[in-house]
Amino acid sequence: MLEKHIGEPCPTCQTPLQRRASTFRTIVGDVAFCARCCSSFELARDEDAAALAFGPPEFAPI
């Protein structure tokens, strides 16, 4: 399944993607969903999400 961010355009119809609860058994949680063409995409995970939790590097705990 393709990974997409919320708000990105749908590859099929260019409608912005919305967050929606997953109806797939293999995906737990939310998915990026296009209401216009009923397409679902796995939510993309940012690699720097853990680093961003602490803010800029100068404020990171030592």
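Observations on the structure shown:
- Subset tally (residues that are among the basic types (Lys, Arg) and more than 12 Å from the chain's Cα centre (by Cα)) for segment 1-40: 2
- Scanning segment 2-31 for residues that are charged (D, E, K, R) and assigned to a loop (DSSP other than H, G, I, E, B) yields a count of 2.
- Where a residue in segment 19-31 is among the hydroxyl-bearing types (Ser, Thr, Tyr) and its partner, wherever it lies, is open to solvent by less than 40 Å² (accessible area, probe 1.4 Å) and in a strand (DSSP E or B), with Cβ under 6 Å and at least six apart: Ser22/Val31
- Sub-6 Å Cβ pairs linking a first residue in segment 6-18 that is open to solvent by 70 Å² or more (accessible area, probe 1.4 Å) to a second residue that is charged (D, E, K, R) and at pLDDT below 95, at least 6 apart or interchain, are Ile6/Arg19, ordered by first then second residue.
The values are calculated or read from the model by the stated rules, or taken from the named source; none is laboratory data. Fair warning: this is a prediction, and the values are worked out from it, not measured in the lab. Using ideal geometry, Cβ is built from the backbone for each residue, glycine included, and neighbour counts are taken over all protein chains shown. Surface areas here come from the heavy atoms of the whole protein model, side chains and all, with no ligands, DNA or RNA. Shrake-Rupley method; radii C 1.70, N 1.55, O 1.52, S 1.80 Å.
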